[in-house]
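Report on the structure given below.
Every number in this text was worked out from the coordinates using simple rules, so none of it is lab data. Not measured: the values here are computed from a predicted model. Don't worry about glycine lacking a Cβ; one is built from the backbone with ideal geometry, like all the others, and counts go over all protein chains shown.
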């Protein structure tokens, strides 16, 4: 029996192939390094394209970032005032790439709700859609993606200023405790309140008869219910760090051996 002509080819490696499509009009060049590092967590960026009018002075910073990160610019002239040709070109390319059957997912980098239907259509075809945008991104676009990452958490944290040597005559003052390593993440003072109700629900839905739930299952449930759930929004690098920091609300238990064989289980406290 001959294989289907539209079937996806087998990859030489097991990493998903991703197409990264950037709307330069609705994305900031300051996040590109962190964004590509985030994309690498989900697969290989086989295609990297950015769409915009690069004759405009507004695109100066983007032009400087393109060569460094090997991003292919797609020029779109603003033929008519008030009309965005960038959106149309990005959508057409996304559909063309979808029909090649060579990709496992698409990364849409924009805060524009005009890409909501595109995200839905790509998912209908079986592709995984990763959205990247600012906190102002409309909820419709966020929910249309399998996973949505706010670009604010991808910005490089500012380097701390070197501490000045204390003078001998200086009075002793109470110093604030240094942040724990797991909380030293982008976001700083902008960390949001923990969604306890949602997390408790995730544990209840994925837990066993004793209330213990595998950490990976909890994370998967949270992402399905809230595509924009990200522990970095609450000041933690990993989900396990979040649970460890809240012993009053959650219990956490390590099972298995060392290294990769170690598994975390959590349950609601009280």
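Shown here are the Rg and Dmax of the Cα trace of the stretch 187-268, at 12.6, 39 Å. Put a dot 7 Å past the Cα of residue 101, heading toward its Cβ, do the same for residue 253, and the two dots end up 4.7 nm apart. Computed from the Cβ-Cβ distance with R0 of 30 Å, the FRET efficiency linking residue 135 to residue 263 stands at 0.35.
Annotation: the residues 21, 67, 108, sorted from fewest to most other C-beta atoms within 10 Å of their own C-beta, follow the order 67, 21, 108. Cβ crowding within 10 Å ranks 60, 128 as 60, 128, fewest other Cβ atoms first.
The ranking of 244, 262 from fewest to most other beta carbons within 10 Å of each one's beta carbon is 262, 244.
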